[in-house]
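Comments concern the structure below.
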Amino acid sequence: MSAGKKQLEYAAESLRKFRLLIEQLAEVNPVHLSDDARLAFWINLYNALLMHAYLAYGVPRSDMKLFSLMQKAAYTIGGNSFSAAFIEYVILKMKPPNHRPQMALLLALQKIKSPEDQRKFCISTPEPLLTFALSCGMYSSPAVSLDHSFYGF
């Protein structure tokens with residue numbers, strides 16, 4: 001595969017725009033969003049965060065490396081740092097999948113801390129269909145698409 005100068009310039013410009021958007025997340029406060037908008041916000045953020053982490057650190061080859069990456073990959077939203085693991089298991093209230101017992105064990109051993117001031121960002125009730133929206137980038141994960149229906153775009 002080869003890329004010409006125009007493709008590289010396009011990719012560099014897209015990456016620059018993406019970084020600017022990520023920086024703007026520091027000013028976002030999802031607490032004031034409706035339940036549906038908050039759910040869409042965290043789904044989109046989680047999917048973008050993991051894809052960004054794969055570009056930055058590479059694709060993990062085991063559950064242990066994936067979990068480590070999920071703890072390391074984080075964005076600052078409204079002055080708070082949120083890792084992919086925190087978003088998935090605390091904010092979105094997901095349970096580890098039954099077919100991945102290693103992930104459940106790692107999660108149990110790590111005990112992700114949930115500071116009281118960050119619990120206000122959590123969705124109010126667990127959403128059973130989240131499995132079909134969150135993509136950790138594995139072959140069995142759903143395809144990523146931007147869900148902006150709740151933002152009024």
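The table below lists the values:
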| read-out | value |
| --- | --- |
| Search result, residues across the stretch 61-82 that are more than 17 Å from R19 (Cα to Cα) and either crowded, with 19+ Cβ neighbours inside 10 Å or aliphatic (A, V, I, L, M) (or both) | M64, L66, F67, L69, M70 |
| Among residues of the stretch 1-46, those that are aliphatic (A, V, I, L, M), within 24 Å of L129 (Cα to Cα) and not in a helix (DSSP H, G or I), counted | 1 |
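No lab work stands behind these numbers, since they all come straight from the coordinates. Since this is a predicted model, take the numbers as computed values, not measurements. Using ideal geometry, Cβ is built from the backbone for each residue, glycine included, and neighbour counts are taken over all protein chains shown.
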